[in-house]
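The values are calculated or read from the model by the stated rules, or taken from the named source; none is laboratory data. These figures come from a predicted structure and were not determined experimentally. Every residue, glycine as well, gets a Cβ built from its backbone with ideal geometry; the counts of neighbours run over all protein chains shown.
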Amino acid sequence: MIDKHLAELTVAAVKELFQTEVASANIQIQKTVKDFEGDLTVVIFPFVKIARKSPEQCGEIIGQYLQANSNFITGFNVVKGFLNVVIDEQYYLDFLNENKNINNFGYHAAIAEKPFVVEYSSPNTNKPLHLGHIRNNLLGWSVSEILKANGHPVKKVNLVNDRGIHICKSMVAWMRYGNGETPENSGLKGDHLVGKYYVEFDKAYKQEIKDLVSKNIPQEQAEKEAPILLEAQEMLRKWEQNDADVRALWEKMNNWVYAGFDVTYKRLGVDFDKIYYESNTYLLGKSMVLDGLQKGILNQRPDTSVWADLREDGLDEKLLLRADGTSVYMTQDLGTAKLRYEDFEAQKMMYIVGNEQNYHFDVLKIILKKLNYPFADTIEHVSYGMVELPEGKMKSREGTVVDADDLIQEMVNTARQKTEELGKIDNFESEEAQKLYETLALGALKYFILKVDPTKNMLFNPHESIDFNGNTGPFIQYTHARIRSLLNKSDIETEVLNTKMQAISMNEKEKSVLKLLHDFPQIVRQAGDLYSPALIANYIFELAKEFNSFYQDTPVLREENEELRKFRLALCAFTGQVLKSGLHLLGISAPEKM
RNA sequence: GGUUCCGUAGCUCAGUUGGAUAGAGCAACAGCCUUCUAAGCUGUGGGUCGCGCGUUCGAAUCGCGCCGGAAUCACCA
């Protein structure tokens with residue numbers, strides 16, 4: 001990396017000129033701002049004191065030293081405390097020659113180590129996926145790919161929350177009002193069907209409360225004693241007792257939901273190496289809690305409920321087992337953590353879970369530590385922000401959730417409409433066109449969501465948010481398609497592209513594209529360190545924009561100078577490749593034509 | 001009330017370990033399709049980086065205090 005060389009050279013300069021040792025990491029190298037001449041800039045201010053000279057003088061003598069002692073610096077200038085260094089074009093040309101034909105340029109070599117286990121998605125089985133899940137799924141998939149690109153082995157896992165009162169609610173409502181409705185005979189997607197009865201439950205529950213209140217029963221009591229709620233609780237108890245009928249119904253409805261989820265996952269392009277079911281893991285959690293109780297790490301109250309006392313850690317007491325012996329969310333998570341650690345010998349267990357659960361994961365880690373499990377420290381909560389709507393937070397009860405399937409379909413429709421308006425599909429077969437709409441729609445959706453810093457809450461306006469112009473997925477896809485089209489038209493053989501570029505003189509725009517390409521491996525590294533697909537997204541947008549600016553008024557195929565033509569073709573090909581790689585890390589496909 | 005996070009252009013967002021005149025996209029306005037795909041390019045306008053104080057050669061970035069918003073502190077998951 002050129003900036004590291006420059007930093008080391010600066011260290012040597014400071015040592016020689018001012019007889020002072022400076023750590024290379026403390027040297028500040030940055031890209032030169034556009035308005036000034038130069039490629040990289042050394043910040044001089046830190047040396048002013050030890051040099052006992054003005055910033056200008058200081059920059060001047062360091063600049064002279066750098067130029068005299070390197071073969072890649074062709075000039076420099078000093079503005080205030082900033083030393084702008086001009087890098088030899090040959091350096092960038094060499095970079096192009098060395099990397100332009102590497103398929104996975106920017107990806108780092110595989111490391112032989114224990115895997116990163118990434119949990120994401122983690123749906124409940126009582127309702128379909130919504131916009132919040134989309135952000136989760138896209139982040140999980142993308143972070144996994146970015147980790148892989150950094151050489152880490154990755155296992156993607158999903159933890160399905162398939163048991164509990166929520167699914168019983170759907171079951172009760174289906175028993176009462178379903179009339180034998182199934183996905184087959186209703187044409188409804190399984191998850192939507194089950195979700196429909198979850199809503200039915202809520203309606204009936206509210207009505208029953210109302211009825212009770214009108215009979216002068218206090219609101220609070222009514223909420224606890226509504227018959228349909230009691231039915232659901234009874235069903236949960238039967239479930240825990242392995243009641244055959246309840247289990248059969250539970251399995252039937254859950255399978256409807258899984259079939260529905262699979263369709264959505266497939267359309268989103270996400271997948272998993274292993275799926276865990278809470279119904280299979282909660283008992284392990286229970287046993288861990290009882291074990292901790294026996295060892296005196298946890299404590300039991302007179303009502304027999306079991307608690308962890310975390311007050312020494314600045315937190316509260318946390319319930320782990322109810323008085324009736326049933327488990328809670330935390331209990332189950334203790335079990336899955338252990339199971340997962342043992343399944344994969346994980347180096348790291350990452351949980352892609354919303355920031356509303358930050359507290360939960362703090363508590364989880366502390367309890368595991370208290371219970372002396374060595375894997376407590378491998379847990380990493382990759383916390384992401386909420387997706388908000390213009391009218392505020394999504395609330396399923398108020399019907400303001402944006403359904404994942406509906407949203408995707410709406411995007412596909414928009415993509416079709418937009419494409420037809422532009423008259424792009426005249427020579428497309430209909431099947432090909434359909435595929436393109438899907439590609440563009442998902443490109444737009446994924447990019448829109450992933451370009452935002454994961455840790456921040458984001459706003460999604462269903463009617464206005466998704467655009468196909470500007471800083472969007474389709475813009476980058478379009479840039480890629482144009483490059484592919486250009487390369488297809490070029491009559492220069494691949495062999496020619498494989499040959500080494502001769503020294504040519506490049507213009508500012510070409511150089512700027514080349515400099516951006518040069519940064520890609522660093523961006524991948526950084527995105528991996530910060531678990532942030534947004535860095536990739538912002539980078540490929542910058543690259544596509546810079547490329548378009550070059551592409552607009554610099555002829556490639558029409559260039560008569562053979563060397564220059566080859567150089568530009570190589571630049572196009574390389575840019576196309578990096579755009580494709582970047583899009584891939586976001587789960588977005590790069591169409592050949594559009 | 002305690003804890004955590006957030007506040008940058010009309011809107012949506014970037015802004016690396018503190019660095020130069022705070023940047024994009026959308027929206028608005030003005031240009032560019034007989035020329036490699038106009039889902040594009042070029043230009044114009046738009047800012048008290050929530051407010052104040054402090055640290056520093058230098059602060060959107062660090063510290064403290066306010067103001068405003070969100071999440072969480074559940075025998076929901």
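Rundown of residues vs (1) more than 8 Å from RNA strand B (Cβ to nearest atom); (2) assigned to a loop (DSSP other than H, G, I, E, B); (3) among the acidic types (Asp, Glu); (4) out of contact with any Asp or Glu (no Cβ under 6 Å at 6 or more places or on another chain), yes/no style:
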{"position": "A:Glu16", "(1), (2), (3), (4)": "yes, no, yes, yes"}
{"position": "A:Glu21", "(1), (2), (3), (4)": "yes, yes, yes, yes"}
{"position": "A:Ile50", "(1), (2), (3), (4)": "yes, no, no, yes"}
{"position": "A:Gln64", "(1), (2), (3), (4)": "yes, no, no, yes"}
{"position": "A:Val85", "(1), (2), (3), (4)": "yes, no, no, yes"}
Looking at A:Ile111, A:Ile102, which one is among the aliphatic types (A, V, I, L, M) and over 18 Å from A:Leu514 (Cα atoms)? A:Ile111
Enumeration of residues in region A:280-333 that are assigned to a loop (DSSP other than H, G, I, E, B), basic (Lys, Arg) and closer than 15 Å to A:Lys369 by Cα: A:Lys295
Positions within region A:78-90 being surrounded by 17 or more Cβ atoms within 10 Å (Cβ to Cβ) and under 29 Å from A:Ala503 (Cα atoms), in sequence order: A:Val78, A:Leu83, A:Asn84, A:Val85, A:Val86, A:Ile87, A:Glu89
Sort out which residues of region A:142-151 are of a type outside the set (D, E, K, R) and either part of a helix (DSSP H, G or I) or over 16 Å from the mean Cα position of the chain (by Cα) (or both), and write them in order of number. A:Ser142, A:Val143, A:Ser144, A:Ile146, A:Leu147, A:Ala149, A:Gly151
A:Asn457: among the polar types (S, T, N, Q), in contact with a Gly (Cβ under 7 Å, 6 or more places away or on another chain) and within 7 Å of RNA strand B (Cβ to nearest atom), yes or no? yes
For residues that are over 41 Å from the mean Cα position of the chain (by Cα), modelled with pLDDT of 90 or more and of a type in the set (D, E, K, R), tally how many sit in region A:211-242. 2
Residues of region A:317-374 satisfying the condition of being of a type in the set (A, V, I, L, M) and over 14 Å from A:Met288 (Cβ atoms): A:Leu319, A:Ala323, A:Ala346, A:Met349, A:Met350, A:Ile352, A:Val353, A:Val363, A:Ile366
Note: among A:Ser549, A:Ser505, A:Ser532, just one is surrounded by fewer than 16 Cβ atoms within 10 Å (Cβ to Cβ), near RNA strand B (Cβ under 8 Å from one of its atoms) and touching a residue at least 24 places away in the same chain (Cβ under 8 Å), namely A:Ser549
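Residues are listed down the side, and each one gets a yes or a no for (1) among the hydrophobic types (A, V, I, L, M, F, W, C); (2) away from RNA strand B (no atom under 16 Å from the Cβ); (3) within 25 Å of A:Lys189 (Cβ to Cβ); (4) surrounded by 20 or more Cβ atoms within 10 Å (Cβ to Cβ):
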{"residue": "A:Met235", "(1), (2), (3), (4)": "yes, no, yes, yes"}
{"residue": "A:Trp250", "(1), (2), (3), (4)": "yes, no, yes, yes"}
{"residue": "A:Ala259", "(1), (2), (3), (4)": "yes, yes, yes, no"}
{"residue": "A:Leu283", "(1), (2), (3), (4)": "yes, no, no, no"}
{"residue": "A:Val289", "(1), (2), (3), (4)": "yes, no, no, yes"}
{"residue": "A:Arg301", "(1), (2), (3), (4)": "no, no, no, no"}
{"residue": "A:Glu317", "(1), (2), (3), (4)": "no, no, no, no"}
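Would you mind listing the strands (runs of 3 or more DSSP E) fully within region A:342-448 where at least 2 residues are among the β-branched types (Val, Ile, Thr) and either under 23 Å from the mean Cα position of the chain (by Cα) or modelled with pLDDT of 95 or more (or both)?
On the way: elements: A:348-354, A:379-384, A:387-389.
Strands (runs of 3 or more DSSP E) meeting the threshold: A:348-354, A:379-384.
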All but one of (1) surrounded by fewer than 15 Cβ atoms within 10 Å (Cβ to Cβ); (2) near RNA strand B (Cβ under 8 Å from one of its atoms); (3) small (Gly, Ala, Ser) hold for A:Gly38; which doesn't? (1)
Taking region A:552-594 and keeping only residues that are among the polar types (S, T, N, Q) and either touching a residue at least 40 places away in the same chain (Cβ under 8 Å) or outside any helix (DSSP H, G or I) (or both), one is left with A:Thr554, A:Asn561, A:Thr575, A:Gln577, A:Ser581, A:Ser589
Is one or more of the residues making up region A:460-467 touching a Pro at 6+ places or on another chain (Cβ under 9 Å) and under 20 Å from A:Ser532 (Cβ atoms)? yes
